[in-house]
Structure formats: C-alpha cells, structure tokens
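Comments concern the structure below.
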C-alpha cells in the first residue's frame, strides 16, 4: 500500500503534518493514516508561514469555577494573549463551542470581551453549554447566529477554502450521540452542490463528527450521512471540540481533529469512570489547555495543523 | 342542652372532615425518593415507586445536567452542581428519561398503582 501519494497531486495522508508542541515540541507526521512521531522540534518550527492561517479555540466554559480550574476566564485570557503574540496574525478565529458554562448573559459578555481582545473576526458554533437559557439557544442565536440557518449552521468562503459550521448539540435523543438532524443534512447537501471537488473543505462542529467513544457520547449519530456528501472532495478537514483533548484520525481524504479546551482537561476515553472536568496538579494544567492553528498553503491541498498548549514557551 | 348554631355546627363538621382528609392524605403519600447524578450516571438508574411519589434528582457533578422525559412530559432546567429538580409521578406506567445534554445518560422509573 502506498503512503497516500497519488498520481497528479500530493496525497493527503502523505503530506499532512500535524505538529504538537509540548515543552520543546514533538513533530507528528502521518503516513498511511498512522500517526508517528518524527522527533523533537525546536523553536524553528514557530517560524512564520506565508500561507493563510486561522486559529481554532474551543470549550472556553466561561463561568466554570470548580477545582479543575477555578478561573476559566483567566486561562481564556492567557490563550487570547498567546494568539496576540503569534508571529503571524491569523486571518480569523473559529470557536467550536461551549463558549459559556451555563449560557448566562454575564458569561457570554465576559467571553465576548476577552475573545474580542484578539481583534479578529470569530466564527462560532454552539456547544451544549451554550443552549441552556430559557429559550433553549435563543440567547446564543441572538448573539452569534446572525446570518445562520436553523439552530445556527452556516457556511462561508475564505482564501479558496469552503468553511462549514454545523450544530450537533440540538434535539439529542435518549441513549444517542450528537445529532445533526434531517433539516441540517439537507441544507448541507444543498450547500455543497455545485462546488468543485478540488475545493478544500473545513467542517467545524462542537461534538466530534467521528465516534471517539460512544459510551461517553463522544460522537455524532448521523455524521456518516454528512460525510457521504463530503466524500468526493479531495481535502476535508473536520475540526471539533467537546472532548477537551487532542485526537486525530485520518480516513481517506478526511482528517478529523479535536482541540484542547482553554478551560479544563477531560480524561482519555475509558480511562476514568466518566467524562467530566479532570483535576490535575496546578503546574500541569496549562500543558493540557491550548489552541489549534491551521495553515492553508497556496498550491497544496492539505492543511497543516499545529496545536499549542498554554504552557508552550 | 344548648343548641349549636347552624354555621357553628357546619364549621365543626368541616374541621373534622378536613382533619380526616389531611390524615388519610398523609398516610397515603409515598416516601419521596432521591436520584443522584454522579459521574454522568443516574443512580439508581432503574427503580420502582408507587403512584404519587415525588422524585428529586440532585446533581453532584461539576458539569450541568438536565432531566428530560422521553415522552416530553417533563423537562428540567440545567442543574448546576448541587441543584435539584423534583417531579411528582402520579400516573402508573413507565417513565423513561435522559440527560438532554449528555443523552447517553438514561434512567427508568416504573410507577406502580
């Protein structure tokens, strides 16, 4: 089996590099869909790129004040400060949900104030924690949903990439996982109609669109239907949050990636009796929180994904 | 014998009746039941109660949960840590419920006549 090289173009799996930094940093490469460490990397990896970049931020849970992180607003501030210090300013931010912890107006206000400090446009999708108001999401849609459809889904184009924000935290069924629903799936099919299959696609939603761990609800019931519409595209990058840890999977031309939270870590699937905020020693917390930067290099299909913990020097 | 005025006699009868109703109601009211929510689990996940039982769910997790009847007959607000939600189950039958935020969390209450 080849490592993803295809005639007439750079194969996605062969060329995608996901670089995870921790301390001095570890460079990850993907070969034949199997992640393998390529060794430690130094500061040089932080050199500015010439491509279009955007940054994913997730699960800020503003309002959370429990032992796992008594100051979730503070760590969000740290994350935004790091965004401000990047050698190359991202073109915009994507927030993959759970902006607030309990959907309280003050939590949204505080989040807006801090995230607004980055001075960048932000594209949001809601997490289940953002729809807890009496109007079950009206507060979110009033604030972030302008121009969106249904529960808050939408698409836009930037730098030749088609971005699709999906909502999979509404109308969840007993015993089930995340849910997109019929109306949204129809919209998605329609949205992709007429798009050239060489258009790079970035899909972002709160709950993972691949089943990370069904026992904890870490997956989306009807994601397969959505992915079937994306099958014909040569480059599909799926960005999710919800599980508060890095995880990546490559399936054909689709790369799935989950981001760290800026608020608190959660246990690895099955490693604890249940999901939920994981309390770690204070000096370890910032190595488990962070943001994700994605670079689109002109002329190449794959997107380069770099995850940076808050503790990175 | 001194006659008791009609209104007075009526109020005495009413008082006795009220006492009777109150005491039988007290005797008939089943013990309230608490269901704990810890580690993303309803405990006990299944139980049987007589009709008229008031069930209270209490969230012990650091993450909010909700209690939603599958048949949509009731739905709690988001319960933060330590918050509770009560529902009196008066109709015999089966009540299936789940957490609207984490739907893998499910529970069942059998309400007996």
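Every read-out reported here was derived from the displayed coordinates using simple, explicitly stated rules and does not represent laboratory data. These numbers come from a predicted model, not from an experiment. Neighbour counts run over all protein chains shown; Cβ positions are idealised from the backbone, glycine included.
Estimated at 0.36 nm per residue, the fully extended path between residue B:43 and residue B:71 surpasses their Cα-Cα distance by 8.0 nm. Among A:221, A:78, A:251, the ranking by other beta carbons within 10 Å of each residue's beta carbon, starting with the fewest, stands as A:251, A:78, A:221. Inter-label distance, residue B:83 to residue A:112: 2.2 nm, where each label sits 7 Å from its Cα along the C-beta direction.
Taking beta carbons within 10 Å but only from partner chains, what does the mean come to for residues A:172-185?
Averaged over the peptide's residues, the number is 3.
Mean separation of Cα pairs under 8 Å and 6 or more residues apart, divided by the residue count, gives region B:33-112 a relative contact order of 35 percent.
With the convex hull drawn around the C-alpha atoms of region A:143-280, the volume per residue stands at 126 Å³. Among B:110, A:75, the order by Cβ neighbours within 10 angstrom, fewest to most, reads B:110, A:75.
Exposure proxy for A:264, A:52: other Cβ atoms within 10 Å of each Cβ, ordered fewest to most, give A:52, A:264.
Set against the 2.2 N^0.38 Å expectation for a compact globular protein, region A:51-297 has a Cα radius of gyration ratio of 0.95.
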